[in-house]
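The block underneath contains the structure these notes are about, expressed in structure tokens.
What follows draws every value from the coordinates through simple rules; no lab data is involved. Fair warning: this is a prediction, and the values are worked out from it, not measured in the lab. A quick note on method: Cβ atoms are made from the backbone with ideal geometry, for glycine too, and the neighbour counts reach across all protein chains shown.
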């Protein structure tokens, strides 16, 4: 083989290593370090853009609390990155702030009038004769548009 051809092949292998293999190894190392650094209670961002707090860590799965009392299960690889303290735009509290809840409603028993209320309860029901009827043929039966096309 020509020495120039061998040199070109060697250059392509070296360039391929630095452009493909080395960056892939670097990303795998970073992902492994991320998985090792995860702890319960850490705030993380998931691959779907969901922010949450790690509640339970397993070998293959994690349980993430996305809001108070709402927990979702993900595969560990769905965690993109841990969040820094200043990255949270919203904060959730497990207990409502004093004064934000009407004290009369807190211990009020549920009654039928509270449970069954609807914003449309005072409106009159729709009469059945107001509903548009299907067009009829000369025989008095409803038309079958599909049968007429065939």
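In plain terms, if you count all Cα to Cα distances in the range 7-56 and split them into 10 Å steps from zero, the share in each step is 21, 30, 22, 15, 10, 2 percent. Whole-percent P(r), the range 38-91, all Cα pairs, 10 Å bins from 0: 26, 62, 12, 0. Taking 7 Å steps out from each Cα toward its Cβ at residue 66 and residue 38 produces label points 1.6 nm apart. A simple spin-label model places the labels of residue 88 and residue 59 3.2 nm from each other, with each point 7 Å out along Cα-to-Cβ.
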